[in-house]
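Single-structure report; data block below.
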Amino acid sequence: DALGPTVVIGEILVEIMALTRGNGFLEPIELVGPYASGAPAIFIDQCARLGGAAGIVASVGDDDFGRLNVERLRADGADVSAISVSPDFPTGSAFVRYREDGSRDFVFNIGKSAAALIGLTDAAKALFERAGHLHVMGTAFAIPGAWEMIEHALGVIKGRGGSVSFDPNLRKELLGQGQTQARFQRLLDLADLLLPSGDELFVAAGVEGEEAAVAALFRRGIGEIALKRGEKGSSFFGGDGTRIDRLAFAVTEVDPTGAGDCFGGAYVACRRLGMAPAEALDYANAAGARNVSVRGPMEGAGTRAELDAFIAATPRLP
Ligand code: ATP
Ligand code: MG
């Protein structure tokens, strides 16, 4: 981390969860929350908890939902100086209820919340100027003004010798053909590290088949790929043809939200702290597994000591 913190741009939310499974919110049901949330916030919280220097550019409202998030990130060691506080709009929120089949119903307040108000403030510029790494998430594509900020941050951070990671986190249908596709392609051109899950590997490569997709991505200049495989664990692919597979940990899945973001935060933190790929995959698998075993989008994010204890105590899935 000598060059400076890992920085992410995007939404901070609270999540409020239904205690029972079922369809939607059409009658009074028991809810629990607010929980700190937002994919970039989960990523950066896990990064910071593992001891990686970390900061976030985001916006919250002047309310308890915002304070809960900012204080949580601050307590876990993240740089919160570039989180702006809107005097006019509330902190973003998501109500979530799992259906019997594991899919989810949501009620969102994001587009007209403080979360949509991120902008290139002086504090954001200052954070980019001392950053060593930019992590970009597909979810940021939906936030107005986020792309201009990503472009700015890419220029500043790459310009000072920093690196870039990209978690596409984007369904094929959302990618489209226009501007989003062009921005997606630009990130693939610039990314040192790609963190896809499932079909995102093929979407990114524009080729089906794992080996062919990985080869295509290395041809276009990606430095390294960490592929998330859910209960099958994860794999590292290096530009020199190296491949390392690591098994997942056996846990009871209570709340799958945030697994991929915890994996990413842990992987980036570990690699930037100088760990080899296999060790980084183990911490990232542990971070994802630990997080799904606890209710709340980032309640299972772990410190280095917590993840060491988890790894020592938890068997691997076959
Ligand atoms: P998300 O579902 O949050 O978008 P993702 O699809 O990007 O996540 P996953 O592969 O689901 O990523 O999860 C990331 C990592 O977390 C996996 O590689 C695995 O190590 C761990 N993980 C996720 N779910 C489980 C599970 N049920 N049991 C054990 N480990 C898990
Ligand atoms: Mg998943």
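If you check Gly264 against the conditions, is it open to solvent by 10 Å² or more (accessible area, probe 1.4 Å), within 15 Å of ligand 2 (Cβ to nearest atom) and modelled with pLDDT of 95 or more?
In short, no.
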So Ala259 ticks every box in (1) within 13 Å of ligand 1 (Cβ to nearest atom); (2) surrounded by 23 or more Cβ atoms within 10 Å (Cβ to Cβ); (3) touching a residue at least 40 places away in the same chain (Cβ under 8 Å) but one. Which box is left unticked?
(3)
If you scan segment 139-169, which residues turn out to be free of Cβ contacts under 8 Å to residues at least 40 places away in the same chain and either buried (at least 23 other Cβ atoms within 10 Å of the Cβ) or part of a helix (DSSP H, G or I) (or both)?
Ala142, Trp147, Glu148, Glu151, His152, Leu154, Gly155, Val156, Lys158, Gly159, Phe166, Pro168
Output yes when any residue across segment 109-118 is more than 14 Å from Glu11 (Cα to Cα), surrounded by 19 or more Cβ atoms within 10 Å (Cβ to Cβ) and of a type outside the set (Phe, Trp, Tyr), and no when none is.
no
Segment 268-315: number of residues that are within 18 Å of Ala53 (Cβ to Cβ), touching a residue at least 60 places away in the same chain (Cβ under 8 Å) and within 15 Å of ligand 2 (Cβ to nearest atom):
1
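Right, Phe236: touching a strand residue (DSSP E or B) at 6+ places or on another chain (Cβ under 6 Å), at pLDDT 95 or above and not in a loop (DSSP other than H, G, I, E, B) or not?
Numbers: touching a strand residue (DSSP E or B) at 6+ places or on another chain (Cβ under 6 Å): yes; at pLDDT 95 or above: yes; not in a loop (DSSP other than H, G, I, E, B): yes.
For Phe236, the condition - touching a strand residue (DSSP E or B) at 6+ places or on another chain (Cβ under 6 Å), at pLDDT 95 or above and not in a loop (DSSP other than H, G, I, E, B) - is met.
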When Leu217 is run through (1) within 16 Å of ligand 2 (Cβ to nearest atom); (2) open to solvent by less than 50 Å² (accessible area, probe 1.4 Å); (3) part of a helix (DSSP H, G or I), the failure sits at (1)
Hey, does segment 194-207 have a residue that's touching a helix residue (DSSP H, G or I) at 6+ places or on another chain (Cβ under 7 Å), touching a residue at least 40 places away in the same chain (Cβ under 8 Å) and surrounded by fewer than 21 Cβ atoms within 10 Å (Cβ to Cβ)?
yes
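Give the residue, chosen from Arg220, Arg186, Arg171, that is more than 28 Å from Ile311 (Cα to Cα), at pLDDT below 95 and within 12 Å of ligand 1 (Cβ to nearest atom). Lay out the reasoning, then the answer.
Numbers: Arg220 fails: within 12 Å of ligand 1 (Cβ to nearest atom); Arg186 fails: within 12 Å of ligand 1 (Cβ to nearest atom).
Matching residue, one of Arg220, Arg186, Arg171: Arg171.
The values are calculated or read from the model by the stated rules, or taken from the named source; none is laboratory data. Please read all numbers here as calculations on a predicted model, not as lab measurements. Please note: Cβ atoms are built from the backbone with ideal geometry, for glycine as well, and neighbour counts cover all protein chains shown. Accessible surface is based on the protein model in full, side chains and every heavy atom, while ligands, DNA and RNA are left aside. Shrake-Rupley method; radii C 1.70, N 1.55, O 1.52, S 1.80 Å.
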